[in-house]
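S.K.: Let me begin by handing over the structure; questions about it come next.
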Amino acid sequence: MAQDPAGERAAERQTMLEWHLRARGIRDPRVLDAMGRVPRELFVPAAVLADAYADSPLPLGHGQTISQPYIVALTAEAALLRPGDRVLDVGTGSGYAAAVYAAAGARVWSIEYIPALAEQARRALDAAGCGEVEVTTGDGTLGLPELAPFDAILAAAAGSEIPRPWVDQLAEGGRIVMPLERGWGWQQLIRATRTGDELAIDDLGGVRFVPLRGAHGLR
Ligand code: SAH
């Protein structure tokens, strides 16, 4: 993991940890530690560099956005990541969330629909010292069957329902965290935990994400 040797943005990262994450109830020490170390400024476009630690999503180009830091933390915490967990990250975007999951100790495979974004994310992940995150281009709603099972499948784009391939590729006890479109312009972040053939669903609250495309995406 690349550090921020001059410590130039360390103070902003601390403010993010205290006020955007801890104050809102993020408690998982691994998630807080990861978010305190990943240099978010390496993942944001030059035009919004000054806002890298703002409490908001940021434009990424191609009509996509980098999730708000709190949403990345909420997703990572809900995923109950443990060191060595196999994680499928759907919607690489900037690569920032993938870097956070990796810094929290997971082995991360990330899949992005838009080839230019995947390429950009690969470069940012390398620059951040997260070269072990594998980025693929393709339809993430199909999962990556050859690499299954996954302990967690985490999505940063909203679908109509949980893609069936994700359920099939989820390990026993595995977690899916994703936003579901609920109509009237609102989305609900959910966690689905697999026990045998059963999925237990937890409601993590209202959110706003870009649409999940692909074969099992938003209808
Ligand atoms: N986690 C990202 C957020 C990116 S926004 C970050 O930290 O920056 C969501 C991303 O999902 C977009 O880049 C979009 O292109 C991608 N996406 C949408 N549908 C997809 C699909 N079916 N497969 C893979 N990526 C998809």
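S.K.: Could you work out how far the C-alpha centroid of segment 116-157 sits from that of segment 37-57, in angstrom?
M.R.: Cα centres, segment 116-157 to segment 37-57: 20 Å.
S.K.: Given only helices, namely DSSP H runs of n ≥ 4 each adding -39500 (n - 2.57), what is the per-residue ellipticity at 222 nm of the chain, to the nearest 500 deg cm²/dmol?
M.R.: Helix-only estimate at 222 nm: -6500 deg cm²/dmol.
S.K.: Moving on to the next point. With both bridge residues required to lie in the chain, what share of the DSSP beta bridges run antiparallel, to the nearest 5%? Could the numbers behind the result be given before it?
M.R.: Working: 18 of 38 bridges.
In the chain, approximately 45 percent of DSSP beta bridges are antiparallel ones.
S.K.: Further, regarding this structure: Arranged from highest to lowest average of other beta-carbon atoms within 10 Å per residue, in what order do the peptides 200-207, 155-162, 94-101 appear? Walk me through the numbers on the way to the answer.
M.R.: On the way: 200-207: 12.5, 155-162: 21.6, 94-101: 29.1.
Put in order of decreasing packing, that is 94-101, 155-162, 200-207.
S.K.: Which sequence of Glu134, Glu198, Glu77 reflects their accessible areas, 1.4 Å probe, from the largest down? Could the numbers behind the result be given before it?
M.R.: On the way: Glu134 105, Glu198 130, Glu77 40 Å².
Accessible-area ranking of Glu134, Glu198, Glu77, largest first: Glu198, Glu134, Glu77.
S.K.: Starting from the amide H of Leu212, placed 1.01 Å from N in the peptide plane, find each other amide H under 5 Å away whose residue is 5 or more places distant or on another chain.
M.R.: Placed amide hydrogens put Ala158, Gly159, Leu218 under 5 Å from Leu212.
S.K.: 7 Å from Cα along Cα→Cβ at both Ala11 and Ala54: what's the point-to-point distance in nm?
M.R.: In this crude label model, Ala11 to Ala54 measures out at 2.0 nm.
S.K.: Between Glu132 and Glu172, how many nm apart are label points set 7 Å from Cα along the C-beta direction?
M.R.: 2.7 nm
S.K.: Could you compute the net charge surrounding Leu189? Neighbours are other residues with a C-beta less than 11 Å from the C-beta of Leu189; K and R count +1, D and E count -1.
M.R.: Values: positive: Arg182, Arg191, Arg208; negative: Asp202, Asp203.
Within the 11 Å Cβ shell, the charges total +1.
S.K.: Continuing with this model, one more query. Just add up the charged neighbours of Gly93: K/R +1, D/E -1, any other residue whose Cβ is under 14 Å from the Cβ of Gly93. Could the numbers behind the result be given before it?
M.R.: Values: positive: Arg40, Arg122, Arg123, Arg213; negative: Asp89, Glu112, Glu119.
For residues surrounding Gly93, the net value is +1.
S.K.: Determine the shape class of the chain: with a ≥ b ≥ c the square roots of the Cα gyration tensor eigenvalues, call it rounded for a/c under 1.5, and otherwise prolate if a/b is greater than b/c, oblate otherwise.
M.R.: Rounded, because the longest to shortest axis ratio a/c is under 1.5.
S.K.: Compare the peptides 49-55, 30-36, 62-68 by average per-residue count of other Cβ atoms within 10 angstrom and give them in order, highest first.
M.R.: Values: 49-55: 14.9, 30-36: 19.6, 62-68: 18.0.
Ranking the peptides 49-55, 30-36, 62-68 by packing returns 30-36, 62-68, 49-55.
S.K.: Let me ask you something else. Which sequence of Glu181, Glu132, Glu119, Glu8 reflects their accessible areas, 1.4 Å probe, from the largest down? Mind dumping the intermediate values first?
M.R.: Values: Glu181 55, Glu132 115, Glu119 80, Glu8 140 Å².
Sorted by accessible area, descending: Glu8, Glu132, Glu119, Glu181.
S.K.: Which whole-number percent gives the relative contact order of the chain, counting Cα pairs below 8 Å spaced six or more residues apart? The partial results should precede the final answer.
M.R.: Numbers: 469 pairs, mean separation 34.8, N = 219.
16 percent.
The values are calculated or read from the model by the stated rules, or taken from the named source; none is laboratory data. Quick caveat, the model's predicted, so the values are computed rather than measured. Please note: Cβ atoms are built from the backbone with ideal geometry, for glycine as well, and neighbour counts cover all protein chains shown. Ligands, DNA and RNA are excluded from the accessible area calculation, which covers all protein heavy atoms including side chains. Shrake-Rupley method; radii C 1.70, N 1.55, O 1.52, S 1.80 Å.
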